[in-house]
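**Q** One structure, as structure tokens, below. Some questions next.
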Amino acid sequence: MKLSRKSHCKINLLLNVVGQRADGFHELEMLMLPVPIFDRLDFELLGYGIELTCNQPGIPTDSSNLACQAAESFAAKAGVTGGVRVHLEKSIPAEGGLGGGSSNAAATLLALNELHDQPLGQATLHELAAELGSDVSFFMQSQAAVAKGRGEIIEPVAPLEALAGKSLLLVRPGFGVPTPWAYQGLAKFPGVKNRPLGQADELAKRLANGSLAEAGDALYNSLEAPVFDKFPLLKLIKQHALANGAEAALMCGSGSTVFAICPDAATAQSLGQAIKSKFGQQSFVQTVPLPGDFPNTVA
Ligand code: C5P
């Protein structure tokens with residue numbers, strides 16, 4: 001039995017760290033937007049074991065990969081004894097704050113449940129997703145959503161009309177940022193954790209009903225403080241984007257990708273080229289239309 005699935009990425013239009021939790025994680029409120037850049041996963045049921053291969057040599061294919069962990073937790077919960085072979089074709093850059101690994105994990109849970117005739121219900125799948133990682137729950141669906149708690153409480157929002165027809169530019173420089181390091185760095189910037197709650201819902205309303213120009217300054221990411229402090233290049237990229245045609249720009253998640261929302265594809269493409277020649281040819285630079293389509297099936 002075989003199945004192929006696409007797995008998209010995300011940006012955070014808002015990532016407000018509200019405080020530290022007793023479990024070591026941070027309490028968050030986020031406004032998350034699905035982004036139509038896709039990895040592809042090919043699944044084939046096997047007699048025994050979990051095998052992962054990947055087209056990119058730098059991506060781990062052992063049990064440290066979230067897709068393997070998802071397959072393991074699915075098998076344990078569903079009581080499945082057979083195995084699976086997974087081939088992962090990566091297009092989403094790693095350590096970029098785009099959630100690619102979390103998205104692969106969500107796609108794996110959903111695909112295995114389908115291949116085994118849906119032994120697990122939605123609630124159980126969501127429990128497994130939340131255990132696997134803070135961003136995995138968001139990828140169990142494909143709508144813009146407010147995420148709360150650790151990131152696992154997902155509330156889909158009305159379509160963000162202010163973004164319709166815009167073009168999204170993603171720039172990931174030639175280095176990544178490890179997520180735990182970014183959160184640890186918040187300790188040096190206590191001020192960025194003191195913003196009041198309610199901003200994610202407020203921004204979702206403004207982007208559903210108003211214009212990006214009115215809402216652009218409400219885009220916010222607490223993790224910019226520690227990450228820009230260590231990697232000033234990211235701040236320069238953001239500033240360059242805002243000074244050269246972007247209507248909004250922000251770091252994605254814990255970095256290192258910076259996104260810019262541009263009025264049209266031509267602006268996004270020329271801004272991307274300019275950033276690449278100014279800040280580094282080794283960067284991943286990609287432009288995608290918003291809001292984008294999210295079929296998880298492979299044509
Ligand atoms: O949940 P996930 O494994 O993706 O988180 C990676 C790391 O990011 C955690 O180990 C933690 O250091 C940090 N994190 C956090 N608070 C969150 C989400 C992630 O401190 N809500």
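**Q** So which residues in the stretch 1-51 are over 20 Å from Phe139 (Cα atoms), touching a helix residue (DSSP H, G or I) at 6+ places or on another chain (Cβ under 7 Å) and away from the ligand (no atom under 16 Å from the Cβ)?
**A** Met1, Leu45, Ile50
**Q** From the list Ala187, Ala246, Ala204, pick out the single residue that is part of a helix (DSSP H, G or I) and either at pLDDT 95 or above or within 18 Å of Met30 (Cα to Cα) (or both).
**A** Details: Ala187 fails: either at pLDDT 95 or above or within 18 Å of Met30 (Cα to Cα) (or both); Ala246 fails: part of a helix (DSSP H, G or I).
The match here is Ala204.
So that you can scan it fast, the table gives a plain yes or no per residue for (1) at positive phi; (2) touching a strand residue (DSSP E or B) at 6+ places or on another chain (Cβ under 8 Å); (3) in the same structural domain as Ala106 (by TED's automatic domain parsing):
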position: His26; (1), (2), (3): no, yes, yes
position: Ile50; (1), (2), (3): no, yes, yes
position: Leu66; (1), (2), (3): no, no, yes
position: Gly79; (1), (2), (3): yes, no, yes
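**Q** Which one of Val80, Val84 is of a type in the set (Val, Ile, Thr), away from the ligand (no atom under 15 Å from the Cβ), open to solvent by 20 Å² or more (accessible area, probe 1.4 Å) and more than 22 Å from Gly292 (Cβ to Cβ)?
**A** Values: Val84 fails: open to solvent by 20 Å² or more (accessible area, probe 1.4 Å).
Of the residues listed, the single one that is of a type in the set (Val, Ile, Thr), away from the ligand (no atom under 15 Å from the Cβ), open to solvent by 20 Å² or more (accessible area, probe 1.4 Å) and more than 22 Å from Gly292 (Cβ to Cβ) is Val80.
**Q** Quickly run through the stretch 249-292 and pick out the residues that are within 11 Å of Ser167 (Cα to Cα), among the hydroxyl-bearing types (Ser, Thr, Tyr) and not in a helix (DSSP H, G or I).
**A** Once the filter is applied, which keeps residues that are within 11 Å of Ser167 (Cα to Cα), among the hydroxyl-bearing types (Ser, Thr, Tyr) and not in a helix (DSSP H, G or I), the stretch 249-292 yields only Thr287.
**Q** Would you be able to tell me the number of residues in the stretch 115-134 that are away from the ligand (no atom under 14 Å from the Cβ) and either in contact (Cβ under 8 Å) with a residue 40 or more places away in the chain or not charged (D, E, K, R) (or both)? It would help to see each step written out before you state the result.
**A** The first filter runs over the stretch 115-134 and keeps only residues away from the ligand (no atom under 14 Å from the Cβ), leaving 115-127.
Now narrow it down to the ones that are either in contact (Cβ under 8 Å) with a residue 40 or more places away in the chain or not charged (D, E, K, R) (or both): 115-116, 118-126.
Of the residues in that region, 11 qualify.
**Q** Which one of these does Trp181 not meet: (1) more than 30 Å from Gly245 (Cα to Cα); (2) open to solvent by less than 50 Å² (accessible area, probe 1.4 Å); (3) not small (Gly, Ala, Ser)?
**A** If we test Trp181 against (1) more than 30 Å from Gly245 (Cα to Cα); (2) open to solvent by less than 50 Å² (accessible area, probe 1.4 Å); (3) not small (Gly, Ala, Ser), just (2) comes out false.
**Q** Give me a count of the residues in the stretch 159-184 that are within 17 Å of Ser254 (Cβ to Cβ) and part of a helix (DSSP H, G or I).
**A** Qualifying residue count, the stretch 159-184: 6.
**Q** A follow-up question, please. Of the residues in the stretch 53-77, how many are open to solvent by 20 Å² or more (accessible area, probe 1.4 Å) and within 22 Å of Lys10 (Cβ to Cβ)? Write out each step before concluding.
**A** Going residue by residue through the stretch 53-77, those that are open to solvent by 20 Å² or more (accessible area, probe 1.4 Å) are 53-64, 66, 69, 72-73, 75-77.
Those still in the list that are within 22 Å of Lys10 (Cβ to Cβ) too: 54-56, 58-60, 64, 66, 69, 73.
Residues meeting the conditions: 10.
**Q** Quick check on my filter: what residues within the stretch 135-151 are within 11 Å of the ligand (Cβ to nearest atom), buried (at least 21 other Cβ atoms within 10 Å of the Cβ) and either among the charged types (D, E, K, R) or part of a loop (DSSP other than H, G, I, E, B) (or both)?
**A** Asp135, Val136, Gly151
**Q** Oh, and also: Please verify whether the stretch 263-270 includes one or more residues that are more than 16 Å from the ligand (Cβ to nearest atom), free of Cβ contacts under 8 Å to residues at least 60 places away in the same chain and open to solvent by less than 50 Å² (accessible area, probe 1.4 Å).
**A** no
The values are calculated or read from the model by the stated rules, or taken from the named source; none is laboratory data. Please read these numbers as outputs of a predicted model, since none were measured by experiment. Counting neighbours? That spans all protein chains shown, and the Cβs are built from the backbone with ideal geometry, glycine included. For accessibility, only protein heavy atoms count, side chains too; no ligands or nucleic acids. Shrake-Rupley method; radii C 1.70, N 1.55, O 1.52, S 1.80 Å.
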